[in-house]
Amino acid sequence: MLGAEPWTTQLRDQIEQRLNIDAVDIYGLSEVMGPGVANECVETKDGPHIWEDHFLPETIDSTTGAPMADGELGELVFTSLTKEAFPVIRYRTHDLTRLLPGTARPGMRRMQKVTGRDDDMIILRGVNLFPTQIEELVLGIEALTPHFILELTKNGHLDAMTIRIERDPALDVGVCEAAAVVLKQRVKGRIGTTVDIHLEEPGSLPRSQGKYQRVYDLR
């Protein structure tokens, strides 16, 4: 059971293949109870089921606070039903997801895998994107490593973004440079914005120590 950070389907596939395990998602919040607010079922691996006998979930519009219907993307909100020491009422998580019908546990609703937070969203020259979208593209290019950060800067009056990503130490530098060009093309083609790619030496970027910081806003 893996949690604490958003992870893509591509990353799950790599973990399962390399370790020969089943990897499922667990969701929790320190302010609510820690891990275990919701958990994915190994039978379906289609998003965590929320334990609605203990927590009342809602999704809302992050800007207006208006409730969203099940199936619509919104900010996840929780009200605790059984907590005594530290109850919460309509606690805003800032996590973006959809509430869906239960599958393996039909008595409980599911939440779609969290792909980002409303405060993680990057607006780059009118295009909305999340770090997980970049991760999906990176994991689809074998010559690149998953160790990257996103730097936001100003280029005149326009915002600019640089993906700083470590090259694969086992491959020739030229191969990694060619892969970086492919990544730039895929970001433009699939997300719709132009970014710069900067190859870094293996081990040079910071590693996770708790919450992993992907975005560095230098504007």
>> What's the number of the only condition in (1) in a strand (DSSP E or B); (2) in contact (Cβ under 8 Å) with a residue 12 or more places away in the chain that Cys176 fails to meet?
In response: (1)
>> So, Thr153, is that one surrounded by fewer than 16 Cβ atoms within 10 Å (Cβ to Cβ), at pLDDT 90 or above and part of a strand (DSSP E or B) or not?
In response: yes
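Mind checking whether some residue in the stretch 69-76 is without any contact (Cβ under 8 Å) to a residue 24 or more places away in the chain and not in a strand (DSSP E or B)?
Restricting attention to the stretch 69-76, the residues satisfying the condition of being without any contact (Cβ under 8 Å) to a residue 24 or more places away in the chain are 69.
Still in the running and not in a strand (DSSP E or B): 69.
Checked against the condition, which is being without any contact (Cβ under 8 Å) to a residue 24 or more places away in the chain and not in a strand (DSSP E or B), the stretch 69-76 yields at least one hit.
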> Inside the stretch 192-207, can you point out the residues that are open to solvent by 30 Å² or more (accessible area, probe 1.4 Å) and among the β-branched types (Val, Ile, Thr)?
Replying inline: Thr194, Ile197
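So, in the stretch 88-144, exactly how many residues are part of a strand (DSSP E or B), over 22 Å from Gly74 (Cβ atoms) and open to solvent by 30 Å² or more (accessible area, probe 1.4 Å)?
Taking the stretch 88-144 first, the residues part of a strand (DSSP E or B) are 91-97, 99-100, 110-111, 116-117, 122-124, 127-129, 144.
Now drop any that are not over 22 Å from Gly74 (Cβ atoms), which leaves 124, 144.
Narrowing further to those that are open to solvent by 30 Å² or more (accessible area, probe 1.4 Å): none.
Result for the stretch 88-144: 0.
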> Inside the stretch 4-41, can you point out the residues that are closer than 25 Å to Pro146 by Cα, of a type outside the set (Gly, Ala, Ser) and assigned to a loop (DSSP other than H, G, I, E, B)?
Replying inline: Glu5, Pro6, Trp7, Thr8, Asn20, Ile21, Asp22, Val24, Glu40
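Against the condition of a type outside the set (A, V, I, L, M), at pLDDT 90 or above and surrounded by fewer than 18 Cβ atoms within 10 Å (Cβ to Cβ), how does Gly174 come out, does it pass? Spell out the reasoning first.
Working: of a type outside the set (A, V, I, L, M): yes; at pLDDT 90 or above: yes; surrounded by fewer than 18 Cβ atoms within 10 Å (Cβ to Cβ): yes.
In short, yes.
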> Can you name the residue in the stretch 42-59 that is open to solvent by 40 Å² or more (accessible area, probe 1.4 Å) and outside any loop (DSSP other than H, G, I, E, B) and, of all such residues, is farthest from Leu144 (Cα to Cα)?
Replying inline: Leu56
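Does Val182 satisfy the criteria of being of a type in the set (A, V, I, L, M), in contact (Cβ under 8 Å) with a residue 24 or more places away in the chain, part of a helix (DSSP H, G or I) and closer than 26 Å to Gly3 by Cα?
On the way: of a type in the set (A, V, I, L, M): yes; in contact (Cβ under 8 Å) with a residue 24 or more places away in the chain: yes; part of a helix (DSSP H, G or I): yes; closer than 26 Å to Gly3 by Cα: no.
For Val182, the condition - of a type in the set (A, V, I, L, M), in contact (Cβ under 8 Å) with a residue 24 or more places away in the chain, part of a helix (DSSP H, G or I) and closer than 26 Å to Gly3 by Cα - is not met.
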> How about the stretch 1-36: which of its residues are aromatic (Phe, Trp, Tyr) and either over 25 Å from Val77 (Cβ atoms) or at pLDDT below 90 (or both)?
Replying inline: Trp7
> Do we find that Gln213 is open to solvent by 70 Å² or more (accessible area, probe 1.4 Å), under 19 Å from the mean Cα position of the chain (by Cα) and closer than 20 Å to Leu11 by Cα in this structure?
Replying inline: yes
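The values are calculated or read from the model by the stated rules, or taken from the named source; none is laboratory data. For clarity, every value in this text was computed on a predicted model and none was experimentally measured. Quick reminder, even Gly has a Cβ in these numbers, built from the backbone with ideal geometry, and neighbours come from all protein chains shown. These accessible areas exclude ligands, DNA and RNA; they are computed on the full protein's heavy atoms, side chains included. Shrake-Rupley method; radii C 1.70, N 1.55, O 1.52, S 1.80 Å.
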